[in-house]
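Asks: Next up is a structure, given as structure tokens.
The values are calculated or read from the model by the stated rules, or taken from the named source; none is laboratory data. Please read all numbers here as calculations on a predicted model, not as lab measurements. Glycine gets a Cβ as well: all are built from the backbone with ideal geometry, and neighbour counts include every protein chain shown. Areas reflect the complete protein model, heavy atoms only, side chains present, ligands, DNA and RNA absent. Shrake-Rupley method; radii C 1.70, N 1.55, O 1.52, S 1.80 Å.
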Amino acid sequence: LTRIAYQKPVGGIENVLTNIESAHLRGFEIQAGYDTGRVYADLGYSHYIKTEFCVDPSLISNNGTKPGCYEGGVPSGYIVNQIPPKQTLSVTLGARAFDERLTFGGTLNYVGARPVSGLGKGHEGDAGYVLLHHGWDAYATVDLFASFKVNEHFTIDAAIDNRTDVYY
């Protein structure tokens with residue numbers, strides 16, 4: 001279900017809720033981990049090869065001439081700002097000490113750009129399109145963590161998220 005700005009044949013624009021005809025997401029994910037007990041590593045990666053969302057072209061334009069399928073969502077639709085990034089990567093490296101009572105490490109998170117092509121400037125400036133498509137630039141953050149098990153009933157955890165203070 002999405003919202004579209006429908007241009008009426010007799011002028012004016014009306015926001016209409018409608019089902020999209022189709023949504024195609026194609027990609028892959030990989031995940032791996034290695035743990036020796038003393039040190040460990042985890043890796044996660046996802047990559048979208050294709051994202052495509054289609055709606056009846058006659059609902060987007062009164063003459064059906066605008067294309068009905070878009071990589072980045074449907075013009076003025078709710079899905080426009082929910083598209084996942086093209087790729088994400090997470091790498092965690094950690095170690096354990098003192099009979100595994102102390103665990104510490106860090107995580108690098110990379111988030112790629114979100115698909116923004118397909119809607120084009122011709123749609124963003126059209127009257128009635130109130131939900132504009134906003135992409136974002138790729139970014140990376142670094143998180144640090146530590147955990148110390150004092151006894152069977154008490155553990156102290158500490159974390160610093162976004163240690164590099166990246167704005168995203």
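Asks: Restrict the check to the range 10-26 and report whether at least one residue is in a loop (DSSP other than H, G, I, E, B), more than 22 Å from Pro115 (Cβ to Cβ), at pLDDT 90 or above and open to solvent by less than 50 Å² (accessible area, probe 1.4 Å).
Replies: No: the range 10-26 contains no residue that is in a loop (DSSP other than H, G, I, E, B), more than 22 Å from Pro115 (Cβ to Cβ), at pLDDT 90 or above and open to solvent by less than 50 Å² (accessible area, probe 1.4 Å).
Asks: Taking Pro75, is it open to solvent by 70 Å² or more (accessible area, probe 1.4 Å), within 30 Å of Pro9 (Cβ to Cβ) and at pLDDT below 95?
Replies: No.
Asks: Here's another thing I want to ask about it. Residue by residue through the range 34-52, note down the ones that are open to solvent by less than 60 Å² (accessible area, probe 1.4 Å) and closer than 10 Å to Leu93 by Cα.
Replies: Tyr40, Ala41 - these are the residues of the range 34-52 that are open to solvent by less than 60 Å² (accessible area, probe 1.4 Å) and closer than 10 Å to Leu93 by Cα.
Asks: Which residue, of Ala159, Ala138, Ala113, Ala146, is modelled with pLDDT of 60 or more, in contact with a Ser or Thr (Cβ under 8 Å, 6 or more places away or on another chain) and among the small types (Gly, Ala, Ser)?
Replies: Residue meeting the stated conditions: Ala146.
Asks: If you don't mind, another one. Ile83: open to solvent by 30 Å² or more (accessible area, probe 1.4 Å) and either at pLDDT 80 or above or within 30 Å of Glu21 (Cα to Cα) (or both), yes or no?
Replies: Answer is no for this residue.
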